[in-house]
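All remarks here apply to the structure that follows.
The values are calculated or read from the model by the stated rules, or taken from the named source; none is laboratory data. These numbers were taken from a predicted model, which means no experiment stands behind them. Don't worry about glycine lacking a Cβ; one is built from the backbone with ideal geometry, like all the others, and counts go over all protein chains shown.
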């Protein structure tokens, strides 16, 4: 009987070994949004969700606003974190460029008659001519 038990145990162990294990959670992009005391709030996946972690859980080089990380979150907790300095620099550059584009005045139009008059121009148009004198 002992050989049968050993054989059954071996078959059971082989079957367990063949069962696929759950894949590790995928890497996600996180951006350091803000600090709240000793907690750091990470915005995950373009701000679809967030995660608060101890400040000490972050790599020292990435403990600043807008730092970009590659993280793994398992069961609502931070499983791994890696600071991505290149993506952090690229994100900062793209933000500056977008701000500069928005801050620049629009290009001047060639023919001002095509442009819509501003409020002062509309008021001035009403008062010009014979109506303005009387």
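The condition (being modelled with pLDDT under 95, surrounded by 10 or more Cβ atoms within 10 Å (Cβ to Cβ) and not in a strand (DSSP E or B)) is satisfied by just one residue among 108, 132: 132. Taken over the range 65-100, the criterion of being over 16 Å from residue 29 (Cα atoms) and more than 14 Å from the chain's Cα centre (by Cα) is satisfied by 75, 93, 96, 97, 98, 99, 100.
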